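> Take a look at the following structure, please.
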Amino acid sequence: MKERKYLFIVNPKAGKGQTKKLVPLLERNGAKLGIECKFMYTSAKGDGEAIARSARAEGFTHVVGLGGDGTSHEIVNGLMGDDIIFSTIPSGSGNDFPQAAGIPIEPERAVQTVFSGNVRSVDVGKLGGRYFINGLGIGLDGAVANRFKSFRVLGGQAAYLLSSVIEALTFGGFNAELSIGEWSFNGRVLLTGASNGHSQGGFKLAPEAKVDNGKLDFHIIRDMEPISRLVKIPKVLKGKYKEIEEMDIICDRIMDITIFDQVPAHMDGQSFYLVPGTHRIEVVPGALKVMSLHGT
């Protein structure tokens with residue numbers, strides 16, 4: 001068996017600056033096991049991806065992110081196409097992927113899992129040339145992710161809820177053509193996207209989603225009046241999507257979406273704008289190896 005060599009990519013801003021305090025704990029555990037460990041720190045957007053791309057050339061067998069889903073998003077995009085094993089020590093404002101993948105939220109248990117857990121293969125999602133590990137949102141949830149950046153000081157869940165309420169009252173919806181297998185829709189949409197994990201920003205958009213079933217759970221919520229949004233958003237938070245008549249969840253491999261205007265969007269909580277045109281969202285089955293409490 002190849003000797004293990006770990007690269008830890010640390011987002012020092014995650015967890016309100018508390019993330020870097022986990023480094024001594026990781027150093028001690030690595031030393032006890034005789035594992036070579038290296039720590040590198042991000043300082044700007046894109047650093048995690050750039051550092052991860054260099055991991056193969058330096059002979060690392062494992063790459064671990066210290067941060068939230070945004071940090072993991074960058075690292076995984078740097079690792080795709082390689083067989084390096086990924087894991088994360090959850091310490092950011094959004095930690096949805098670890099919960100879906102069987103990685104403990106508690107730092108000490110996560111550290112143990114990083115070194116002594118099981119290797120399992122999980123799916124990733126893809127939009128164009130970019131990959132997402134937990135979820136993609138287009139429309140209202142993209143607008144929420146963009147606004148969330150202004151309220152980050154409040155803390156993860158509180159900031160996300162406040163952002164959701166504001167956007168529920170102000171977001172205008174958008175026209176789209178959607179196609180998933182034999183299912184299709186043409187009309188005004190409040191939000192749509194894909195889930196690999198069962199929650200995004202704490203909202204249980206796809207409570208039955210699984211990270212290793214070779215499919216994504218595509219969610220579609222047709223547009224509705226602002227007052228109806230406020231009534232029904234709490235149901236999404238609790239995973240009660242079956243009580244929302246405007247919502248569909250379809251488990252499949254591919255969704256094609258055509259939009260006619262620029263629309264706010266996010267991948268793993270990282271906000272951007274999706275340009276007009278036709279886009280394909282698809283699953284890449286078993287594309288990522290992770291250290292987890294669960295086996296393959």
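> Please state which of the following conditions VAL119 fails to meet, knowing it meets all the rest: (1) surrounded by fewer than 24 Cβ atoms within 10 Å (Cβ to Cβ); (2) modelled with pLDDT of 90 or more; (3) assigned to a helix (DSSP H, G or I).
Going through (1) surrounded by fewer than 24 Cβ atoms within 10 Å (Cβ to Cβ); (2) modelled with pLDDT of 90 or more; (3) assigned to a helix (DSSP H, G or I) one by one, VAL119 breaks only (3).
> To continue, here is another question. Can you tell me which residue in segment 199-215 is modelled with the lowest pLDDT, limited to those that are crowded, with 19+ Cβ neighbours inside 10 Å, within 18 Å of GLY139 (Cα to Cα) and of a type outside the set (Lys, Arg)?
GLY201
> Also: Let me confirm something: among ILE254, ILE249, ILE259, which residue is touching a residue at least 24 places away in the same chain (Cβ under 8 Å) and in contact with a Lys or Arg (Cβ under 7 Å, 6 or more places away or on another chain)?
On the way: ILE249 fails: in contact with a Lys or Arg (Cβ under 7 Å, 6 or more places away or on another chain); ILE259 fails: in contact with a Lys or Arg (Cβ under 7 Å, 6 or more places away or on another chain).
One residue alone meets the criteria, ILE254.
> Can you tell me which residue within segment 223-236, out of those that are in contact (Cβ under 8 Å) with a residue 40 or more places away in the chain and among the hydrophobic types (A, V, I, L, M, F, W, C), is nearest to VAL211 (Cα to Cα)?
Per the stated criteria, the residue is ILE233.
The values are calculated or read from the model by the stated rules, or taken from the named source; none is laboratory data. Just so it is clear, the model here is predicted, and its values are computed rather than measured. Positions of Cβ are backbone-derived with ideal geometry, glycine not excepted, and every protein chain shown enters the neighbour counts.
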